[in-house]
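Contents: one structure, followed by commentary.
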Amino acid sequence: MSDNSGSGFDRRAFMAGTAASTLVPLTARAATQGSDAAAAQDPTLPVDVTLRVNGEDKHLRIDARTTVLDALREHLGLTGSKKGCDHGQCGACTVLIGDRRVVSCLTLAVAAQGQDITTIEGLASGDRLHPMQQAFIDNDAFQCGYCTPGQIMSAVACVKEGHAGSDADIREYMSGNICRCAAYPNIVAAVKQAAPDIMKG
Ligand code: FES
Ligand code: FES
């Protein structure tokens, strides 16, 4: 028996589209409505995405399921944000979206459109390091350095959130960022050093 009913309705295509659409999160489908309606039905089709990264608009044509982390690393060549666990567990991929710190491995690129994404590459002002970057150097707050970009981005947000008032606060609000080298005491010292400068603006 044919899948075609004769009325132009293709049951096989309908079933494929329905199954595919259940796999794409609502945020992704909403963000791709309009120009990429077909791609919203089929996550294997590329979509046009514009990400504002470190103050510049970046136009990409990517799989709708691409995360911010993969967009940064694989499509934009910004490899400062690290992939540790790829499961939202380690914090190595932390970037700022607006003023909010997010694990970019669990954030879809299509859902980050229209928002300012700041990565470790966008933190310094020309040759002048951000106070948190300088504080990490001054306090030897790393060994292998793999977790460091995520630690620094998270630390900047931690201070701006008002969660750097005590060692206990810093430890608590930085607890989403794992350091396999256990540089934690030095990281706390770095956050305390940079906090006044960041709060001054
Ligand atoms: Fe994103 Fe570990 S790589 S939380
Ligand atoms: Fe090595 Fe943190 S410095 S994991």
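You will find that of G88, G98, the residue that is within 14 Å of ligand 1 (Cβ to nearest atom), surrounded by fewer than 17 Cβ atoms within 10 Å (Cβ to Cβ) and modelled with pLDDT of 95 or more is G88 and no other. Screening the candidates S104, S175, S125 for the property of being among the polar types (S, T, N, Q), open to solvent by 40 Å² or more (accessible area, probe 1.4 Å) and within 16 Å of ligand 1 (Cβ to nearest atom) yields one hit, S175. In the stretch 143-163, the residues that are under 14 Å from C181 (Cα atoms) and open to solvent by 10 Å² or more (accessible area, probe 1.4 Å) form Cβ pairs under 6 Å with partners that are away from ligand 1 (no atom under 15 Å from the Cβ) and among the hydrophobic types (A, V, I, L, M, F, W, C), at six or more places apart or across chains, as follows: Q143/C181; Q143/A183; C144/C181; T148/F142.
Here the helices (runs of 4 or more DSSP H) wholly within the stretch 146-201 that include at least 2 residues being under 12 Å from Q133 (Cα atoms) are 148-160, 184-200.
Evaluation of P149 against the conditions (1) within 16 Å of ligand 1 (Cβ to nearest atom); (2) over 19 Å from L78 (Cα atoms) shows that the sole unmet condition is (2).
Does C181 qualify as being at pLDDT 95 or above, surrounded by 22 or more Cβ atoms within 10 Å (Cβ to Cβ), among the hydrophobic types (A, V, I, L, M, F, W, C) and over 21 Å from G55 (Cβ atoms)? No, not satisfied. Only one entry of A141, A182 meets the criterion of being of a type outside the set (F, W, Y) and at positive phi, and that entry is A182.
The values are calculated or read from the model by the stated rules, or taken from the named source; none is laboratory data. What you are looking at is a predicted structure, and each value in this text was computed from that prediction instead of being measured. Note that each Cβ is placed from the backbone with ideal geometry, even for glycine, and that neighbours are counted across all protein chains shown. The area values use the complete protein model at the heavy-atom level, side chains included, leaving out ligands, DNA and RNA. Shrake-Rupley method; radii C 1.70, N 1.55, O 1.52, S 1.80 Å.
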